[in-house]
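Participant: One structure follows; several queries about it will come next.
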Amino acid sequence: MLRRLPLWPVLWTLLLVSGGVALVGPAHAQEDAAVRVALRGDSAYVYHTAILPAGHGFHLERISDGGDTTRVTDAPVLGIQAPDRLPALLGERYDALRNQLEVDTPLDLYLALRSDRTTRRLSLFLYPEVGRQLGHLAIDATAPIGTPVTYRFVFVDGTGAPTGRTLSQRVPLERTERPAPTDLEAEHTGRTVTLSWTYPQAPPDTDDTIIRFAVYRLDTLRAEDGTADVVPEPVHGDAVILRNNAVSDFEYTFDVPRTGATETFFVAAVSITGEETPSERIAYEVTDNVPPPMLADVRTVVGDSLPTAELTWPVSPAPDAAGYHVYRAPRMEAEFQRLTAAPLDVLSTVYLDTTVTGGESFFYRVSVVDEAGNESPRSNPVMAQVTDRVPPPTPRALTAAFQEDGTVQLRWTTDATPPDLWTYRVLRRRLDQGDLPFAQANTTVVQDTAFTDRGGDQRTDAARFDEGARYRYALVAADSARNFSDSVFVDVTIPDRTAPPPPNQLSAINDGGLRAVLRWAPGATADITEYVVYRRTNQPAAEDSAIARVPHPQLSTQDDSVTVGTTYVYTVTAVDSLGNESPRTRTATLQMRDLDPPPAVRNVQAFRQNGATTVRWDPSPSSDVAGYRVYRADLATGIYEPIGPLVTETQTTVPPDDENVFYRVHAVDTSGNESRPSVPARRVVVTAEN
């Protein structure tokens, strides 16, 4: 709506045209006045924005570039002086302006247009009729379109005499391209439609004269004779949809007469001359998309014997209500799932839920669906605490079998797993120690049809059944309401699986570097039948392997498959008459060594040449020599000390020494045995002449 205060400061770029303005007259030299020209057909609409005293007006002159002057107005254009004539002079614009400016009488409207500069300027550009009646517009019907001219306003007083004040501006009189609005889109809620469109911004320093938009809906008018005529009807009434040159996206919201119909809309860009440039038309289906109001007073009642929940609610007051949907969730904060595949009848305000589980709480919400398929917000949630007194079905075909790992595996079947199953209770008692009561074997919830009983504390991994004992198991099913089924029973006997204790005092002895001799003492049991001897090397990835089975009561054996230089790790187990094998003994480690040293090294020589001392010798004939160790002393019969690491070649270079030095070489085999020393060799000096 057009308002008195404040009036659209963003539109000053539309209302004022810069450049080419000459305002003459000392009394008004400071006034912000301008000339604005817009073309419509072959006519030029020429506006001025100067402030004139009441009763004053103007003559309009057109001056060609050659200097020829033509008076456009036959008589002075004077502003209206009798406010009561405004309704007749403005016609339909009168009521529009009066509503927009929120005034009641013609005098109020006249004073508003005269006293408020912004209101006056905007009004005269919005409606050419207002511009003419306020004395701000003249129409040049013989304008030379396409030719530059200068328009000059010559202001006159109430008698038509010039006041000496003029306002002029040179204009090209070229037609301005006024594009149509584009990108029309519509959306709606109920009968309220929002139409949006795009309109380009005018380039800087240009005036496309578009000031507002008009939004139209095609309406069908029927005459008394039954004929129909489709006419555009503005949907904005007295409202003004202003064009803001600072933006390019616009929208307008309005109501249509009804839903369920396809409407046709278009938008027109309106210039200050009142000329419209319409957009393309769009057809838009205005459906009924407003949902009914939310239901209130939903109630629940639970069944006394069977697990059921009954919901009731009042009939929806919505006139187009078509039915109801029912939703359920296990918790108030959980997601509600719809229970009704199709809406219930609008008069069916009772719903019986037979799919609930006894002993649990359920939450319900109900929505209303109208004839267009719109669904209301769901009602506030209501709770139903369902009672369950029906026991679960009795398990069948219970079996119990002792396993190799020392546990008892129980299995059973059931005709149908109840949806509210809480757990199966497994009970156990011993039969061979008097009339003992049952104890619960499972400490956690069991919902599978199998259970592994370790016989002791189910929180540990160790199986704890007494060998040879007889046990009886009882099994019952319990639901979430703590209803219990009948019991089923099964018996099982635990076999004797105890292994004998391991042998003691295992020892491993090197027999001359040829074999390993193993000895041990028997364990404290009477049914040992044999001993198993295991061996591995001391390498990190080595694995044990059984190398001998020794019949009881023999307590020793020998390993002839050893290799000199290898370290072996031995263990022994005992096996009883039932095939139970004991744990292994503590390990016995043996390094196989050759006890005979290699022969002495021969032909040792030592000489110094070019500042370095070299010791060389003949290789040892022994096949297991690992290397040679070189010794040094200051006397042939002195104390020899080793120098350097083990040498694998038959010569080596030793650190510098004195002249009187003697060397001996020892051969070392893979068992670490060192030969007798070689004959001492004195170092000699070798010269170039030698």
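The values are calculated or read from the model by the stated rules, or taken from the named source; none is laboratory data. All values derive from a computational prediction rather than experimental measurement. All Cβ positions, glycine included, derive from the backbone under ideal geometry; neighbour counts span all protein chains shown.
Participant: Would you tally the residues in region 543-579 being in a loop (DSSP other than H, G, I, E, B) and in contact (Cβ under 8 Å) with a residue 24 or more places away in the chain?
Facilitator: Final tally of qualifying residues: 12.
Participant: Moving to a separate point now. It is to be established whether one or more residues within region 454-470 are in contact with a Leu (Cβ under 8 Å, 6 or more places away or on another chain) and surrounded by 18 or more Cβ atoms within 10 Å (Cβ to Cβ).
Facilitator: no
Participant: Still on this structure: Could you check region 488-529 and list, in sequence order, the residues that are assigned to a loop (DSSP other than H, G, I, E, B) and touching a residue at least 60 places away in the same chain (Cβ under 8 Å)?
Facilitator: Scanning region 488-529 gives I494, P495, D496, R497, T498, A499, P500, P501, P502, P503, G512, G513.
Participant: Please pick out the residue among A588, A606, A633, A600 that is modelled with pLDDT of 90 or more, out of contact with any His (no Cβ under 6 Å at 6 or more places or on another chain), under 20 Å from V533 (Cα atoms) and among the aliphatic types (A, V, I, L, M).
Facilitator: None of the other options fit; the residue is A588.
Participant: Now for a different question. What tally of residues in region 266-311 results from selecting those that are assigned to a strand (DSSP E or B), closer than 26 Å to V346 by Cβ and among the polar types (S, T, N, Q)?
Facilitator: 1
Participant: Of T227, T163, T176, T220, which residue is of a type in the set (V, I, T) and modelled with pLDDT of 90 or more?
Facilitator: T163
Participant: So, one more: Can you name every residue in region 35-64 that is surrounded by fewer than 16 Cβ atoms within 10 Å (Cβ to Cβ), over 24 Å from E276 (Cβ atoms) and out of contact with any Ser or Thr (no Cβ under 8 Å at 6 or more places or on another chain)?
Facilitator: I51, P53, A54, G55
Participant: Quick check on this structure: which one of V390, V315 is closer than 30 Å to A450 by Cα, assigned to a loop (DSSP other than H, G, I, E, B) and over 31 Å from the mean Cα position of the chain (by Cα)?
Facilitator: Answer to the check: V390.
Participant: Filter region 118-176 for residues that are of a type in the set (G, A, S), in a strand (DSSP E or B) and surrounded by 18 or more Cβ atoms within 10 Å (Cβ to Cβ) and give the result.
Facilitator: Scanning region 118-176 gives A138, S168.
Participant: Moving on to the next point. Is there any pair with a first residue in region 583-600 that is over 30 Å from P621 (Cα atoms) and a second that is at pLDDT 95 or above and of a type in the set (D, E, K, R) whose Cβ atoms are under 9 Å apart and which are 6 or more apart or on different chains, and what are they?
Facilitator: none
Participant: Among the residues of region 339-358, is any acidic (D, E), out of contact with any strand residue (DSSP E or B) (no Cβ under 8 Å at 6 or more places or on another chain) and in contact (Cβ under 8 Å) with a residue 12 or more places away in the chain?
Facilitator: No: zero hits.
Participant: I want to confirm something. Restricting to region 466-486 and keeping residues that are of a type in the set (G, A, S) and either within 45 Å of the chain's Cα centre (by Cα) or in a loop (DSSP other than H, G, I, E, B) (or both), which single residue is modelled with the lowest pLDDT?
Facilitator: Among residues in region 466-486 that are of a type in the set (G, A, S) and either within 45 Å of the chain's Cα centre (by Cα) or in a loop (DSSP other than H, G, I, E, B) (or both), the one modelled with the lowest pLDDT is G468.
Participant: Name the residue, out of R429, R378, that is at pLDDT 85 or above, outside any loop (DSSP other than H, G, I, E, B), surrounded by 11 or more Cβ atoms within 10 Å (Cβ to Cβ) and among the basic types (K, R).
Facilitator: Of the residues listed, the single one that is at pLDDT 85 or above, outside any loop (DSSP other than H, G, I, E, B), surrounded by 11 or more Cβ atoms within 10 Å (Cβ to Cβ) and among the basic types (K, R) is R429.
Participant: Give just the number: which of (1) crowded, with 16+ Cβ neighbours inside 10 Å; (2) in the same structural domain as P278 (by TED's automatic domain parsing); (3) assigned to a strand (DSSP E or B); (4) not β-branched (V, I, T) does A202 not satisfy?
Facilitator: In the conditions (1) crowded, with 16+ Cβ neighbours inside 10 Å; (2) in the same structural domain as P278 (by TED's automatic domain parsing); (3) assigned to a strand (DSSP E or B); (4) not β-branched (V, I, T), A202 misses (3) alone.
Participant: Of R549, R616, R584, which residue is charged (D, E, K, R), assigned by TED's automatic domain parsing to the domain that holds L514 and surrounded by 13 or more Cβ atoms within 10 Å (Cβ to Cβ)?
Facilitator: Testing whether each residue is charged (D, E, K, R), assigned by TED's automatic domain parsing to the domain that holds L514 and surrounded by 13 or more Cβ atoms within 10 Å (Cβ to Cβ) leaves just R584.
Participant: Just need a number here: residues in region 175-198 that are under 30 Å from V149 (Cα atoms) and in contact with a strand residue (DSSP E or B) (Cβ under 8 Å, 6 or more places away or on another chain).
Facilitator: So the count comes out to 5.
Participant: Is it the case that A450 is surrounded by 13 or more Cβ atoms within 10 Å (Cβ to Cβ) and either more than 30 Å from G303 (Cβ to Cβ) or of a type in the set (A, V, I, L, M) (or both)?
Facilitator: No, not satisfied.
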